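Comments concern the structure below.
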Amino acid sequence: MLRELWNDAEGGFHPASAPDFLPTEALREVQLRRLRAVVAHAYEKVPLYRTRMDERGLTPAAIQGLADIARLPFTVKADLRDTYPFGLFASPMSDVVRLHASSGTTGKPIVVAYTREDVEVWSEVMARTLAACGLHRGDILQNAFGYGLFTGGLGAHYGAETLGATVVPISGGNSDRQIMLIRDFGVSAICCTPSYFTHLVERAGELGVDLRALPLRIGIFGAEPWTDAMRDHIEAAAGIRVFDIYGLSEIIGPGVASECGEQNGLHIFEDHFYPEIIDPETGEVLPDGAEGELVLTTLSKRAMPMLRYRTRDITALIAEPCPCGRTLRRMRRIGRRSDDMFIIRGVNVFPSQVEAALLAVEGTLPHYQIILSRQQGLDQMAVEVEVTPEVFSDKVGALEGVRARLAKSIEHILGIRVELRLVEPRSIARSEGKAKRVIDRRNG
Amino acid sequence: MLAQPHQTHRQQDPLIWDREAETRPREALEALQLERLRDLVARVAQVPFYRDHFARQAIGPHSIRSLADLRRLPFTTKDDLRAQHPLGFLAVPRGQVARIHGSSGTTGRPTFVAYTKGDLALWSNLCARFLVAGGLRPEHTAQVAFGYGLFTGGFGLHYGIERVGAAVIPVSAGNTRRQIEIMRDLGSDALICTPSYALTIADGARELGLDPRALPIRYGFFGGEPWTEDMRREIEDQLDIVATNNYGLSEVIGPGVSGECPARAGMHIQEDHFLVECLDPETLEPVPDGEPGELVITTLTREAMPMVRYRTRDIARLDRAPCACGRRTLRMSRVTGRTDDMLIIRGVNVFPSQIEEALLRVEGTTPHYLIEVARPGTLDEVHVKVEIRPELFSDRMDRMQALCERISREIQTVAGIRAHVDLVEPQHIERFVGKAKRVHDRRNLTD
Amino acid sequence: MKLQQLSVFLENRPGRLGAPLEAIAAAGINILTLSLADTAQFGILRLIVREWDKAKAILEQAGWIVNLTEVVAVEVPDRPGGLAGVLDVIEGAELNIEYVYAFSLRRDDKAVLIFRFEHPDQAIQVLLGQGLHVIDGDELMGYVG
């Protein structure tokens, strides 16, 4: 009802956003009720959770209050890999309506599943994300997140549909067309990675299109780390306000947390995702305000509940009330990780994946180095591999074949194009012991 | 305004998604069509293009007394759509548009189509109809290997699968090895892609040392490019699946205009939503049933952007004989050709003029070019032969290679396909008096 | 001191290399040396000939695309290390080489390196300054006789 009566012309909030403003006490009640249900569901349906809880002498009845969550064991990314593909599913396949996948840490993918209700929750939290960033019903959203197994594209797409915005599902790439659409349709908001938008700003300049003169007013950026300096630059260059959003496919995809108009921390949609901050070394839970690793528990996921999932993202929770009125706690922007993962064009990459790819082709691991750079605003990833006498050939064609096979192997595992360069033996600098595997020349 | 079919009966009839709509007796169907056509004429009066034409010819809903009066209505062409860039054909207020898709145009500028929430629901239902007819069931898992994006293929099928209640794996296009691993590991029952890509997947499986017939897929839903009965046999044999054909175009709605039933004797046209004529492209008079002609489609129920007599340029044949499956609708043959020079490359529509435009963006290239299309294995390959000119020639190999890459990039930007650029010596491309022959298509795409 | 080099665009298919060479030979023009750089699809034929202007006109008239490039010829002793000595000088001065090819002269146990530098004039200064023998067109023609 509320949805029908709601006037979205100016200012107000979208009815989907109502849970953002729950009184704290009511929010904690919802959280506890859902936590107990999800723990019971996970314990009953997922052998891994049951075994780990049994080992600690825990049953779902152990969850009497929210603080009891700290008694539950952690779940880590390797658990998804080890139980691939269906081991963490808590719903029968007949209830599953969607599967997404992302590359794991070693080349073996991880799979995530959604029931119809899960897709509805995902759409809801993404609608709340877009609303928090200032999008209204009737606005035109150009969705330049990649569509496919990556959760970014379809997550934002369903959220915008739920919100009642017009979706232009352009997906990634083809910058000239992106700019033409922004201009010709009077697009109000765009979803993409911050680095891709920086590239669009540059390209628009080359094409003589002044983004500041267009109706575009909101940028919704995620899937890679960025800084306030980048925000200032983009806001000035494009004449828009830009917002950081956060999510990961293991939890649901985008829609875990979002900035609001204050642009000062990301509100976690706590009614669906319960956040903790832990010391990444000891696993001890830290108080609000302390910096540590973000751990998330899904409170309403059916197909694939996650209990205390260690995100490896380092942040801190902000419990102080936000001037926007949302009662949801905020998290600081992600600055770094507790592992060696890096993000390139929105894709998560572990050096171990590159190693797996090189090993698959060569049989032994050659000396290699990953070089990240940013050209015209776009992240580039190059992998330099030392030529070994075994693969060397005076035929340009044969060497080119080796190069292409290595590049394809990496591309297959990561799903992104990389530049593969063959370099001379011993040309990659070795430090004491292990060579430095990743050289990051991107700034900001 | 327009009732969407409700799926209350699908549990009783696993083979027909919407029995009432799909098996409606001819008389009732035509009565419904007439009612919807009148309504359409009233609705498109919102669109300046049609309003002006109707005013000149004094046409209104009252002019439509029988379905034969369809012929009093004007044609709509791709050029008309382009002239109204971006959304001049919109028949509802802008705020009601839920989605925008695009299709390639004869120049770099694509044409766009808009959908209301109702249109999207209709589209999902139409795709559900052919998916169920081809074997998809709610308990299945379906892998979508069509590209998502402005192109309508991926989304139409995605929502159709969701509507049926099956699980969607939205892999999108490309990365064949990954497609095969996902298919194998997640047990995909159905594959959605272009027919040529299905053969690529079979090849890829063999390269990985897998038996393509042992892959879990059992149903294939193929469209987006022309194919033949020989190719169907090949695909079914190599992958051990049942392969069905479906048809649609984004200007009208996307996939879902028609699709095959288990009889696989032509594609059932969803006649309660589309009026399809088959005309001689020269005289614009109807051809007798069974004769090839250009399909001209009128959307009866589309809300955001209804099309009156849209000239598809696709050549096919119509068959009015009853089908063994029980559906009463008109069937169309495979698309056997085009009345224009459009090519379909790996499911992407490409016009030679787009290649020309891409070349023009690279200073110093000549207007002399030749597009060679071949299918050496299972996938289309395009070579664009371009004459080199003195301004562009360098004694340095890296510069020459950069030139090829730059032309290739422009083609990718304008036409959306990857092409090999072959530089040739001056005067090596044949000159024509009159209309130049720009395309050399070596694929065998018709029966 | 710079030499004029002709570059010809060729499609990479059988018979394409012979045709321009025959056209030059038919006009009685002597080819001192040539090099071919090729990809699967096309090639660049580089020629040093006695009468480059005449050869260029002949090739162009016959429909080829011909470029004129200034290259630098350096004489080195035709023995082990001969090339290395020159390269040391070039690398030491951080001169950028686009490409290089070589031919040897039977008469004098001499080899000639043909360099395409990014900045040929600067390169000549450096090479001469290091006492290397940079040869001009007339001298080169004289060698070949």
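From A:Ser123, A:Ser103, grab the single residue that is within 14 Å of another protein chain (Cβ to nearest Cβ) and closer than 30 Å to A:Ala26 by Cβ. Write out each step before concluding.
On the way: A:Ser103 fails: closer than 30 Å to A:Ala26 by Cβ.
When all the criteria are applied, what remains is A:Ser123.
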Considering only residues that are touching a Lys or Arg at 6+ places or on another chain (Cβ under 8 Å) and within 13 Å of chain C (Cβ to nearest Cβ), which ones fall in region B:371-394? B:Glu372
For B:Glu277, only one of the following conditions fails: (1) more than 27 Å from B:Val132 (Cα to Cα); (2) surrounded by fewer than 22 Cβ atoms within 10 Å (Cβ to Cβ). What is its number? (1)
Identify, by number, the condition in (1) open to solvent by 10 Å² or more (accessible area, probe 1.4 Å); (2) within 10 Å of chain A (Cβ to nearest Cβ) that B:Val144 doesn't meet. (1)
Looking only at region B:155-172, count how many residues are more than 7 Å from chain A (Cβ to nearest Cβ), within 22 Å of the chain's Cα centre (by Cα) and open to solvent by less than 10 Å² (accessible area, probe 1.4 Å). 6
Index of the failed condition, B:Asn175 passing every other in (1) free of Cβ contacts under 8 Å to residues at least 12 places away in the same chain; (2) more than 22 Å from B:Ser258 (Cα to Cα); (3) more than 14 Å from every other protein chain (Cβ to nearest Cβ): (3)
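Considering every residue within region A:330-343, establish whether at least one is buried (at least 23 other Cβ atoms within 10 Å of the Cβ) and not acidic (Asp, Glu). Give the steps one after another, and end with the answer.
Going through region A:330-343, the residues buried (at least 23 other Cβ atoms within 10 Å of the Cβ) turn out to be A:330.
Then keep just the ones that are not acidic (Asp, Glu); that gives A:330.
Yes, because at least one residue in region A:330-343 is buried (at least 23 other Cβ atoms within 10 Å of the Cβ) and not acidic (Asp, Glu).
For region C:90-99, indicate whether the set of residues that are of a type in the set (Gly, Ala, Ser), open to solvent by 30 Å² or more (accessible area, probe 1.4 Å) and either assigned to a helix (DSSP H, G or I) or touching a strand residue (DSSP E or B) at 6+ places or on another chain (Cβ under 7 Å) (or both) is non-empty.
Restricting attention to region C:90-99, the residues satisfying the condition of being of a type in the set (Gly, Ala, Ser) are C:92-93.
Remaining after also requiring open to solvent by 30 Å² or more (accessible area, probe 1.4 Å): C:92-93.
From the residues that got through so far, the ones that are either assigned to a helix (DSSP H, G or I) or touching a strand residue (DSSP E or B) at 6+ places or on another chain (Cβ under 7 Å) (or both) too are C:92.
Checked region C:90-99: at least one residue is of a type in the set (Gly, Ala, Ser), open to solvent by 30 Å² or more (accessible area, probe 1.4 Å) and either assigned to a helix (DSSP H, G or I) or touching a strand residue (DSSP E or B) at 6+ places or on another chain (Cβ under 7 Å) (or both).
If a residue counts only when it is more than 19 Å from A:Tyr114 (Cβ to Cβ), which strands (runs of 3 or more DSSP E) contained entirely in region B:147-224 have at least 1 such residues? Working first, answer last.
Values: elements: B:167-169, B:190-193, B:219-222.
Here the list reads B:190-193, B:219-222.
Please tell me if A:Met53 is away from chain B (no Cβ under 14 Å) and within 30 Å of A:Ile182 (Cβ to Cβ).
Details: away from chain B (no Cβ under 14 Å): yes; within 30 Å of A:Ile182 (Cβ to Cβ): no.
Here the answer is no, as A:Met53 does not meet what is asked.
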Among (1) outside any helix (DSSP H, G or I); (2) under 30 Å from B:Glu207 (Cβ atoms); (3) within 14 Å of chain C (Cβ to nearest Cβ); (4) open to solvent by 10 Å² or more (accessible area, probe 1.4 Å), B:Arg443 falls short only on (3)
Among the numbered criteria (1) at pLDDT 80 or above; (2) buried (at least 20 other Cβ atoms within 10 Å of the Cβ), which single criterion is violated by A:Pro366? (1)
Residues of region A:150-183 being open to solvent by less than 10 Å² (accessible area, probe 1.4 Å) and of a type in the set (A, V, I, L, M), in sequence order, are A:Leu154, A:Ala156, A:Ala160, A:Leu163, A:Ala165, A:Val167, A:Val168, A:Ile179, A:Leu181, A:Ile182
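With the structure loaded, tell me whether A:Gly239 is in contact (Cβ under 8 Å) with a residue 24 or more places away in the chain, crowded, with 22+ Cβ neighbours inside 10 Å and touching a helix residue (DSSP H, G or I) at 6+ places or on another chain (Cβ under 7 Å) or whether it fails that test. So that I can check it myself, show each step before the final result.
Working: in contact (Cβ under 8 Å) with a residue 24 or more places away in the chain: yes; crowded, with 22+ Cβ neighbours inside 10 Å: no; touching a helix residue (DSSP H, G or I) at 6+ places or on another chain (Cβ under 7 Å): yes.
So A:Gly239 does not fit the description; no.
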Look through region B:289-325, keep the residues that are among the acidic types (Asp, Glu) and not in a strand (DSSP E or B), and return whichever of them is nearest to B:Val113 (Cα to Cα). B:Glu303
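Condition check: in a helix (DSSP H, G or I), more than 9 Å from chain A (Cβ to nearest Cβ), of a type in the set (A, V, I, L, M, F, W, C) and under 30 Å from A:Val96 (Cα atoms). Does B:Ala128 satisfy that?
Values: in a helix (DSSP H, G or I): yes; more than 9 Å from chain A (Cβ to nearest Cβ): yes; of a type in the set (A, V, I, L, M, F, W, C): yes; under 30 Å from A:Val96 (Cα atoms): yes.
Yes: the conditions hold for B:Ala128.
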Selection from region A:93-116 of residues modelled with pLDDT of 95 or more and over 17 Å from the mean Cα position of the chain (by Cα) yields A:Asp95, A:Val96, A:Val97, A:Arg98, A:Thr115, A:Arg116
Residue count for region A:194-219, restricted to those that are within 23 Å of the chain's Cα centre (by Cα) and either closer than 14 Å to A:Ile170 by Cβ or free of Cβ contacts under 8 Å to residues at least 40 places away in the same chain (or both): 4
Considering region C:68-89 alone, what residues qualify as being open to solvent by 50 Å² or more (accessible area, probe 1.4 Å) and within 15 Å of the chain's Cα centre (by Cα)? C:Leu68, C:Glu70
Kindly check whether there is at least one residue in region B:304-311 that is modelled with pLDDT of 95 or more, basic (Lys, Arg), within 16 Å of B:Pro74 (Cα to Cα) and open to solvent by less than 10 Å² (accessible area, probe 1.4 Å). yes
If you scan region A:92-138, which residues turn out to be open to solvent by 20 Å² or more (accessible area, probe 1.4 Å) and assigned to a loop (DSSP other than H, G, I, E, B)? A:Pro92, A:Thr105, A:Thr106, A:Gly107, A:Lys108, A:Gly134, A:His136, A:Arg137, A:Gly138
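Would you tally the residues in region B:370-405 being within 18 Å of C:Gly43 (Cα to Cα) and outside any loop (DSSP other than H, G, I, E, B)?
The first filter runs over region B:370-405 and keeps only residues within 18 Å of C:Gly43 (Cα to Cα), leaving B:383-405.
Cutting the leftovers down to outside any loop (DSSP other than H, G, I, E, B) gives us B:383-387, B:390-392, B:397-405.
Of the residues in region B:370-405, 17 are within 18 Å of C:Gly43 (Cα to Cα) and outside any loop (DSSP other than H, G, I, E, B).
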Only one of (1) within 12 Å of another protein chain (Cβ to nearest Cβ); (2) touching a helix residue (DSSP H, G or I) at 6+ places or on another chain (Cβ under 8 Å); (3) open to solvent by 30 Å² or more (accessible area, probe 1.4 Å) does not apply to C:Ile31, and that is (1)
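Per-residue answers, yes or no, for (1) within 21 Å of A:Ala101 (Cα to Cα); (2) without any contact (Cβ under 8 Å) to a residue 40 or more places away in the chain; (3) open to solvent by 10 Å² or more (accessible area, probe 1.4 Å):
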site	(1), (2), (3)
A:Phe243	no, no, no
A:Ala257	yes, no, no
A:Ile268	no, no, no
A:Tyr274	no, no, yes
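Being without any contact (Cβ under 8 Å) to a residue 40 or more places away in the chain, within 14 Å of another protein chain (Cβ to nearest Cβ) and out of contact with any helix residue (DSSP H, G or I) (no Cβ under 9 Å at 6 or more places or on another chain) narrows it down to one of C:Glu118, C:Glu91, C:Glu98, so name that one.
Details: C:Glu91 fails: within 14 Å of another protein chain (Cβ to nearest Cβ); C:Glu98 fails: out of contact with any helix residue (DSSP H, G or I) (no Cβ under 9 Å at 6 or more places or on another chain).
Being without any contact (Cβ under 8 Å) to a residue 40 or more places away in the chain, within 14 Å of another protein chain (Cβ to nearest Cβ) and out of contact with any helix residue (DSSP H, G or I) (no Cβ under 9 Å at 6 or more places or on another chain) holds for just one of C:Glu118, C:Glu91, C:Glu98, which is C:Glu118.
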Looking at A:Ala360, is it at pLDDT below 85, over 23 Å from the mean Cα position of the chain (by Cα) and within 14 Å of chain B (Cβ to nearest Cβ)? yes
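Please find, within region B:206-240, the residue that is nearest to B:Gly149 (Cα to Cα) out of those that are aliphatic (A, V, I, L, M) and open to solvent by less than 10 Å² (accessible area, probe 1.4 Å). Steps first, answer last, please.
Narrowing region B:206-240 to residues aliphatic (A, V, I, L, M): B:208, B:210, B:214-215, B:217, B:231, B:235, B:239.
Next, from what is left, pick out any that are open to solvent by less than 10 Å² (accessible area, probe 1.4 Å): B:217, B:235, B:239.
Values: B:Ile217: 25, B:Ile235: 26, B:Leu239: 28 Å.
The selected residue is B:Ile217.
Name the residues in region A:158-174 that are closer than 18 Å to A:Arg203 by Cβ and either within 7 Å of chain B (Cβ to nearest Cβ) or touching a helix residue (DSSP H, G or I) at 6+ places or on another chain (Cβ under 8 Å) (or both), would you? Give the steps one after another, and end with the answer.
Taking region A:158-174 as the starting set, the residues that turn out to be closer than 18 Å to A:Arg203 by Cβ are A:168, A:170-174.
Selection gives A:Val168, A:Ile170, A:Ser171, A:Gly172, A:Asn174.
The values are calculated or read from the model by the stated rules, or taken from the named source; none is laboratory data. What you see is a predicted model, and the numbers here were worked out from it, not measured in a lab. With ideal geometry, Cβ positions are generated from the backbone for all residues, glycine too; neighbour counts draw on all protein chains shown. Heads up: the accessible areas ignore ligands, DNA and RNA and are worked out on the full protein's heavy atoms, side chains in. Shrake-Rupley method; radii C 1.70, N 1.55, O 1.52, S 1.80 Å.
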